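Presented below is the structure to which this report refers.
The values are calculated or read from the model by the stated rules, or taken from the named source; none is laboratory data. Given the structure is predicted, the values throughout are model-derived calculations rather than measurements. No Cβ is skipped: glycine too gets one built from the backbone with ideal geometry, and neighbour counts run over all protein chains shown. Protein only, heavy atoms only, side chains kept; ligands, DNA and RNA dropped before computing areas. Shrake-Rupley method; radii C 1.70, N 1.55, O 1.52, S 1.80 Å.
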Amino acid sequence: MEIVYADPRIVVAVKPAGVLSTDEPGGMPQLLRQELGTPCIRTVHRLDAAVSGLMVYARSAKAASLLSEQIRSRTFGKEDLAVVHGVPEGGVMTDLLGRDPVRRRTYVAAEPGKDVRPELSYEVLGSREGLSLVRIRLHTGRTHQIRVQFASRGFPLVGDRKYGGGEEGESIALWSWRLEFAHPQTGAAMRFSKLPPKEAPWLDFPMPLTGR
């Protein structure tokens, strides 16, 4: 596990694929508590277990509350990179999403439910041999949101067997690459970026500049 930044109020780390982002045995909070020797690590946003990339965790209840408020008010910025099958055009995706708790699958629903309409915007950074690299900005956060919204339009993520885009042994090509938020104690603008590993399918595409 790679720790990108730590101070008395927050810690930013790279969550590996296969590790839960929530506070369960073997999850990121437990691992961070062990690594940092601190009793308090609180989850304020989530990544699917199979997905990797940057996450910020709070190191106090007050910091967790302030970061969570930024997420609710949509002042917390998060961008992801993904490699998808096909060549989408870019734009905004807005859907009604339902959740099947038995099959643990999210789906595009035809009828309104109690949920809001999850939304994301994205741009295509490059296409090659039937695959495309996309940069995604989430405006809402729902379980499997990116994965199901792209798959429902015929652009499943590479490696995503649950939603029709993967083969045996492939990892899901979805990476949390950029975070922007106000520090919960000082109010300072915090910006972190981390490119995905230099391996397939990421190697086939030009990466965005981390300083942008």
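Data table
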{"item": "Dipole magnitude (debye, nearest 20) for region 36-92, charges at Cβ of Lys, Arg, Asp, Glu", "result": "400 debye"}
{"item": "Rel. contact order, % - alpha carbon contacts under 8 angstrom, at least six apart, region 2-45", "result": "22 percent"}
{"item": "Heavy-atom accessible surface of the chain: percent carbon and sulfur, 1.4 Å", "result": "48 percent"}
{"item": "Correct choice for mean projected area of the Cα convex hull in nm² that was computed from the model, options (1) 14.3; (2) 15.9; (3) 12.1", "result": "(3)"}
{"item": "Within region 1-91, chymotrypsin sites (Phe, Trp or Tyr not before Pro) in DSSP loop having at most 11 other beta-carbon neighbours inside 10 Å", "result": "none"}
{"item": "Relative contact order (percent, whole number), the chain, Cα cutoff 8 Å, 6+ residue spacing", "result": "19 percent"}
{"item": "Where GluC sites (Glu not before Pro) fall in DSSP loop in region 129-189, at most 10 other Cβ within 10 Å", "result": "Glu129, Glu167, Glu168"}
{"item": "Area of Ser152 that stays accessible when all protein chains are in place (1.4 Å probe, Å², to 10)", "result": "60 Å²"}
{"item": "Solvent-accessible heavy-atom area per residue, rounded to whole Å², over the chain at 1.4 Å", "result": "51 Å²"}
{"item": "Pair Ala200, Arg72: separation of 7 Å Cα→Cβ label points (nm)", "result": "4.6 nm"}
{"item": "Computed helical MRE - 222 nm, the chain, DSSP H runs ≥ 4 contributing -39500 (n - 2.57), nearest 500", "result": "-4000 deg cm²/dmol"}
{"item": "Positive dipole terminus of the chain, leading residue within Thr140, Pro8, Leu195 (C-beta point charges)", "result": "Pro8"}
{"item": "Rounded if a/c under 1.5, otherwise prolate or oblate - region 119-171, Cα gyration tensor axes", "result": "oblate"}
{"item": "Eligible lysines near Lys78 by straight Cα distance, threshold 19 Å, same-chain separation 8 or greater", "result": "Lys15, Lys194"}
{"item": "Extreme residue, positive dipole direction of the chain, given options Ala151, Gly91, Gly164 (C-beta unit charges)", "result": "Gly91"}
{"item": "Nearest-20 debye value, the chain charge dipole, Cβ charges on Lys, Arg, Asp, Glu", "result": "640 debye"}
{"item": "Relative packing of 15-21, 81-87, 192-198, which averages over residues the other C-beta atoms within 10 Å, highest first", "result": "81-87, 15-21, 192-198"}
{"item": "Part-to-part distance (alpha-carbon centres) for region 148-177 and region 1-61, which is given in Å", "result": "24 Å"}
{"item": "Segments 39-49, 156-166 sorted - mean Cβ within 10 Å per residue, highest first", "result": "156-166, 39-49"}
